[in-house]
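> Mind looking over this structure? Questions follow.
The values are calculated or read from the model by the stated rules, or taken from the named source; none is laboratory data. Remember, predicted model here, so these are calculated numbers, not experimental data. A quick note on method: Cβ atoms are made from the backbone with ideal geometry, for glycine too, and the neighbour counts reach across all protein chains shown. All accessible areas refer to the heavy atoms of the entire protein, side chains included, with ligands and DNA or RNA removed. Shrake-Rupley method; radii C 1.70, N 1.55, O 1.52, S 1.80 Å.
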Amino acid sequence: MIKVKLLDYTPEPERVVAMAARLCYSAAGAEELVERLSEEKVREMVRKMVKIGHGSTLEHASFTFGIEGVSRVLTHQLVRHRIASYDQQSQRYVAAHGFQYITPPTIAERPEAKAKYEALMETIRGVYDELTEMGVPKEDARYVLANATETKILVTMNARSLMHFFNLRCCNRAQWEIREMAYKMLAEVKKVASTLFFNAGASCVNTGHCPEGEMTCGKFAEMIKLREKD
């Protein structure tokens, strides 16, 4: 089970975005910006910045997530999002005896495939234990570990990077595991910045059209309806 928790974020993230926007279009100084912005004006300006794509104003708000119950397959994809900060549980320093692992649904739903998969994981656990008992350092014994091995990671992204992340990873064409994590992250940030992330999600939800061309999932209308319900 993937666990995602918003651990920390820029205080009043939407007000910070609105202040950045006002600074771009006003002669007022920083102290005046804080005093002049009502809650209604903050919401108005944030929605405007998101709609017109003035992304630099969104970069002043950052969000830090604690993520557990994911595989190394997922984190290999996640760290490709470069404008972010990451710290991951180390297989070099943390022993992996009896490691937990992630099972894809397509394997879990097939008894024969599941049996083979679980047998392989048990074999890997045994070989890892044997290697470390022989004196092989953890940093070298980890070479036998599977991509399925469960891991934990701390992730910090600014709002602009998160928008891009949601565009790609909330898409139905994203792999199931990272898509599930992306939706959980989106749910977390909406709790504290609902206006900022009002139309965040897959590209079709965010922009109103699908960029996948012939590779579209064909569920554009369904995705839009889900956003409207949300």
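> From the list 155, 189, 144, exactly one residue is surrounded by fewer than 22 Cβ atoms within 10 Å (Cβ to Cβ) and either in contact with a strand residue (DSSP E or B) (Cβ under 9 Å, 6 or more places away or on another chain) or under 29 Å from residue 118 (Cα atoms) (or both). Which is it?
Working: 155 fails: surrounded by fewer than 22 Cβ atoms within 10 Å (Cβ to Cβ); 189 fails: surrounded by fewer than 22 Cβ atoms within 10 Å (Cβ to Cβ).
Answer to the selection: 144.
> Could you name every one of the helices (runs of 4 or more DSSP H) located completely within region 110-175 that has at least 2 residues being at pLDDT 95 or above and small (Gly, Ala, Ser)?
Fully inside region 110-175 and qualifying: 111-133, 159-169.
> Another question, then. Can you tell me which residues in region 71-82 are in contact with an Asp or Glu (Cβ under 9 Å, 6 or more places away or on another chain) and open to solvent by 20 Å² or more (accessible area, probe 1.4 Å)? Give the derivation first.
Here is the first cut: in region 71-82, the residues in contact with an Asp or Glu (Cβ under 9 Å, 6 or more places away or on another chain) are 71-74, 77.
Correct list: 72, 73, 77.
> A further question on this structure: Among (1) touching a strand residue (DSSP E or B) at 6+ places or on another chain (Cβ under 6 Å); (2) open to solvent by less than 70 Å² (accessible area, probe 1.4 Å), which single condition is residue 87 missing?
Every listed condition holds for residue 87 apart from (2).
> So which residues in region 18-32 are open to solvent by 40 Å² or more (accessible area, probe 1.4 Å), modelled with pLDDT under 70 and of a type in the set (A, V, I, L, M, F, W, C)?
Result: 27, 30.
> Can you name every residue in region 158-186 that is among the polar types (S, T, N, Q), open to solvent by less than 40 Å² (accessible area, probe 1.4 Å) and within 23 Å of residue 217 (Cβ to Cβ)?
167 - this is the single residue of region 158-186 that is among the polar types (S, T, N, Q), open to solvent by less than 40 Å² (accessible area, probe 1.4 Å) and within 23 Å of residue 217 (Cβ to Cβ).
> Determine, yes or no, whether residue 79 is touching a strand residue (DSSP E or B) at 6+ places or on another chain (Cβ under 6 Å), at negative phi and without any contact (Cβ under 8 Å) to a residue 12 or more places away in the chain.
So residue 79 fits the description; yes.
> Only residues in region 45-70 that are buried (at least 21 other Cβ atoms within 10 Å of the Cβ) count as the first member; pair them with residues that are among the aromatic types (Phe, Trp, Tyr), Cβ under 8 angstrom, at least 6 apart or cross-chain, and list the lot.
Listed pairs, sorted by first residue: 50/198; 61/9; 63/9.
> Now for a separate question. Out of (1) free of Cβ contacts under 8 Å to residues at least 40 places away in the same chain; (2) in a loop (DSSP other than H, G, I, E, B); (3) open to solvent by 20 Å² or more (accessible area, probe 1.4 Å), what's the single condition that is false for residue 201?
(3)
> Out of all the residues in region 123-134, is one or more within 31 Å of the chain's Cα centre (by Cα), surrounded by 18 or more Cβ atoms within 10 Å (Cβ to Cβ) and within 25 Å of residue 57 (Cβ to Cβ)?
no
> From 145, 120, 131, 154, which residue is of a type outside the set (Phe, Trp, Tyr) and without any contact (Cβ under 8 Å) to a residue 24 or more places away in the chain?
Result: 131 is the single residue among 145, 120, 131, 154 that is of a type outside the set (Phe, Trp, Tyr) and without any contact (Cβ under 8 Å) to a residue 24 or more places away in the chain.
> Of the conditions (1) on the phi < 0 side of the Ramachandran plot; (2) without any contact (Cβ under 8 Å) to a residue 24 or more places away in the chain; (3) open to solvent by 100 Å² or more (accessible area, probe 1.4 Å), residue 107 fails just one. Which one is it?
Failing condition for residue 107: (3).
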